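Take a look at the structure set out below.
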Amino acid sequence: MSPAAEFAYRLGAAARRPASWWQLLKFGLVGGSGYVINLAVFALLSGELGMHHVSAALGAFCVAVSSNFLWNRHWTFAAADGHAGFQAARFFAVSVAALLVNLVALEALLLSTSMDALAAQAIAVAIAMPFNFLGNKLWTFA
């Protein structure tokens, strides 16, 4: 089975299980807390400390991803077996991929609109969330 076909099969199978929807809700709640953490740290770094928006986004990412890993490992995907270090490495890889989506969206929003950096970051984080969930559901905590 090709990787794309396997991905489609796993995605379809997961969508038919009620437990997957409960995990999505938990992931959303954890993500919501990470979202608030990300924006608070971003606002502190870019506003109060005057850091460039990319540096502030990277700092906010580091704090939020640490919190999100702990909550997702111990609550959202608690039934998933696996070594914490192995899961952390995969979680970080998925998070970095989602961060790249976030940074592209952030730059695009700042270049194409007149919105301020915090509002653009809020939208960029939301754009990256589905990539993050699918990567963690289907790979990190599979």
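Before moving on, here are some points about what is shown:
- Computed from the C-beta positions of residue 44 and residue 127 and an R0 of 22 Å, the FRET efficiency is 0.50 to the nearest 0.05.
- Tilt relative to the chain, helix 53-71 - C-alpha long axis, 0 to 90 degrees, to 10: 30
- Against the chain, whose longest principal axis is taken from its Cα atoms, helix 117-135 shows a tilt of about 10°.
- Comparing 43, 24, 94 along the charge dipole axis of the chain, the residue lying farthest to the positive side is 24, per the Cβ-charge model.
- Taking label points 7 Å from Cα along the Cα-to-Cβ direction, residue 142 and residue 78 give a separation of 2.5 nm.
- Taking a ≥ b ≥ c as the square roots of the eigenvalues of the Cα gyration tensor, the range 1-61 is classed as oblate, since a/c reaches at least 1.5 and a/b does not exceed b/c.
- The range 85-142: C-alpha gyration tensor shape, a/c 1.5 cut-off, then a/b vs b/c: prolate
- Measuring spread by the Cα atoms of the chain yields a radius of gyration and Dmax of 15.9, 52 Å.
- Degrees between helix 3-15 axis and first principal axis of the chain (Cα, 0 to 90, nearest 10): 80
No lab work stands behind these numbers, since they all come straight from the coordinates. As the structure is a prediction and not an experimental result, all values here were calculated from the model. As a convention, Cβ positions derive from the backbone with ideal geometry for all residues, glycine included, and neighbour counts pool all protein chains shown.
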